[in-house]
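First up is the structure itself, then whatever we jot down about it.
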Amino acid sequence: MFADPNLIGKLATNPRTQKHLADPAFVQKLKLFQQNPALADSALQSDPRMIDVLGVAMGIDMQGFSRDDDSDGLPPGFNLPPPSSRTRRSPSASTSKTPPAPAPAPAPEPEDVEMTDEDIEEAKAKADALAAKAQGAEHYKAQRFSEAAEYFKKAWDLWPKDITFLGNLGAAFLEAKEYDQCITTCELAVEEGRGLRADYKIIAKIFGRIGTAYTAKNDLASAKKYFQKSLSEHRDATILAKLQATEKAIAEADRQSYIDPAKSAIAREEGNAAFKSGDFAKAVKLYEESIKRDPSDAKGYNNRAAAYMKLMALAEALKDADKAIEVDPTFVKAYIRKATILHTMREYSKALEALQAASSADTANAHAQEIQAQEFKIQQALFTQRADETEEQTLERAMKDPEVAQIMGDPVMQQILQQAQGNPGALQDHMKNPVVRQKIMKLINAGIIKTR
């Protein structure tokens, strides 16, 4: 009976079932039963409106199976005997038992509401729009975005009361890389959604889509604006991550646009002038400007390290010296600056290592004299520091350095050191290996290996 193609028409002309068609969801359910009648069995148990539909489909007046509340339920012609002739209960029985509570009055049956032509058209328009949306979704999944856009637009034209149609249309434009159309469509969706009191989560999603479109257009400022709008409607982790990435990209773009090597050189020279005049705080600011204008120039970091040293900000000075070496590993002055800072910090062993690195970088020997003079000062400081140390105290002090402890725990280095005790000349042979040489020099600087 649900397979009858004229079922909806019959229900629309029946006064009892007309009102049920005002519910679009109920109409959609009926269409589903027409496609698959087996699903109707459960609905007959859960939805009383299906009884009325069943009656119309079968041509039976289902009201004939019910009786009025004031009816006694007896067949016509059959009368009850008069009350006086009925069996009465004894007084004792009536007083010993509480009379049963009266049954609650049945709820009044809803009045039949005749479904207007406008209601029927509204339900049909919504059903057709949902069908168009479903077709658009199939095209979208298959990456046929132009066809998907046509169906999503058709859905909105058929029933302009659900902004998800416009949201999906915007998504199709976004995937098709038609970013301006995506933005225009999504802005219309938000405007219509305000009037329709749409769910704030849907509004947030559409704002996020606008932000994504602006990101694709490389309009990062607009993208940031709409991601923020989305989060003001509903906080979503994906949109938050996009906002953070956009802010990071904006900061990087600003940094890159600020780079100007010519202006960097001017700021560095101004910093040098301030340094010579003894205004070290001003020198730090000018060197910082020089670094911002050209982060790839190691001289800015090295000069700022010198200014920090004058202000006794040794930790900051050491960071700048390391950064200068990172930017330009061949910049000998940065190694010498690092050694000077470590000398001031009384990290004599590490200062010697920095000077040894400076010697390796100074392939032209342009700074050999300066390196040797610095090394002599550090060696004197080391001699003064370790003059009264016993071998046990030297070892205890040196082992506090994690690098020294790691070298001493290396089985290969242990074998080399044992061999050197019996044959000091063998140590020179091992020094030909750059890795071993570096480790041996570390132990010499720490005082574990003594040279004469």
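The values are calculated or read from the model by the stated rules, or taken from the named source; none is laboratory data. Because the structure is a prediction, the values reported are computed rather than measured. Every residue, glycine as well, gets a Cβ built from its backbone with ideal geometry; the counts of neighbours run over all protein chains shown. All accessible areas refer to the heavy atoms of the entire protein, side chains included, with ligands and DNA or RNA removed. Shrake-Rupley method; radii C 1.70, N 1.55, O 1.52, S 1.80 Å.
Values for this structure:
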item: Hey, Gln143 open to solvent by 70 Å² or more (accessible area, probe 1.4 Å), outside any helix (DSSP H, G or I) and either in contact with a strand residue (DSSP E or B) (Cβ under 6 Å, 6 or more places away or on another chain) or modelled with pLDDT of 70 or more (or both) or not; result: yes
item: Residue list for the range 400-420, filter: β-branched (Val, Ile, Thr) and surrounded by fewer than 17 Cβ atoms within 10 Å (Cβ to Cβ); result: Val412
item: Any pair with Cβ under 6 angstrom, 6 or more apart, that starts in the range 308-337 at a residue that is closer than 17 Å to Ala357 by Cα and ends at one that is open to solvent by 40 Å² or more (accessible area, probe 1.4 Å) and outside any loop (DSSP other than H, G, I, E, B); result: Ala321/Arg337; Ala321/Lys338
item: Test: Pro104 is at pLDDT 60 or above, more than 30 Å from Glu175 (Cβ to Cβ), exposed (fewer than 12 other Cβ atoms within 10 Å of the Cβ) and not acidic (Asp, Glu); result: yes
item: Qualifying residue in the range 4-16 (condition: open to solvent by less than 40 Å² (accessible area, probe 1.4 Å), out of contact with any Gly (no Cβ under 8 Å at 6 or more places or on another chain), part of a helix (DSSP H, G or I) and modelled with pLDDT of 75 or more); result: yes
item: Which listed residue, of Leu130, Leu174, is part of a helix (DSSP H, G or I) and under 26 Å from Lys225 (Cβ atoms); result: Leu174
item: Hey, Ala398 touching a residue at least 12 places away in the same chain (Cβ under 8 Å), of a type in the set (Gly, Ala, Ser), out of contact with any Asp or Glu (no Cβ under 6 Å at 6 or more places or on another chain) and on the phi < 0 side of the Ramachandran plot or not; result: yes
item: Members of the range 167-177 that are on the phi < 0 side of the Ramachandran plot and open to solvent by 70 Å² or more (accessible area, probe 1.4 Å); result: Glu175
item: Of the criteria (1) part of a helix (DSSP H, G or I); (2) open to solvent by 50 Å² or more (accessible area, probe 1.4 Å); (3) aliphatic (A, V, I, L, M); (4) in contact (Cβ under 8 Å) with a residue 12 or more places away in the chain, which one Ala366 fails; result: (1)
item: Candidates Arg437, Arg397 - the one that is over 26 Å from Lys333 (Cα atoms) and open to solvent by 40 Å² or more (accessible area, probe 1.4 Å); result: Arg397
item: Considering residues of the range 183-220 that are within 30 Å of Ala253 (Cβ to Cβ) and among the basic types (Lys, Arg) only, the residue surrounded by the fewest Cβ atoms within 10 Å (Cβ to Cβ); result: Lys217
item: Of residues in the range 366-394 being farther than 30 Å from Thr330 by Cβ and among the charged types (D, E, K, R), the one farthest from the chain's Cα centre (by Cα); result: Asp388
item: The one condition in (1) under 40 Å from the mean Cα position of the chain (by Cα); (2) β-branched (Val, Ile, Thr); (3) surrounded by fewer than 14 Cβ atoms within 10 Å (Cβ to Cβ) that Ile291 fails to fulfil; result: (3)
item: Unique match (being closer than 22 Å to Ala131 by Cα and among the charged types (D, E, K, R)) among Asp236, Asp157, Asp219; result: Asp157
item: Sole exception among (1) open to solvent by less than 70 Å² (accessible area, probe 1.4 Å); (2) in contact (Cβ under 8 Å) with a residue 12 or more places away in the chain; (3) charged (D, E, K, R) for Lys225, by number; result: (1)
item: The range 234-284: number of residues that are of a type in the set (D, E, K, R), at pLDDT 95 or above, touching a helix residue (DSSP H, G or I) at 6+ places or on another chain (Cβ under 8 Å) and part of a helix (DSSP H, G or I); result: 6
item: Elements of type helices (runs of 4 or more DSSP H) in the range 381-429, at least 1 residues being more than 15 Å from Lys442 (Cα to Cα); result: 391-398, 411-422
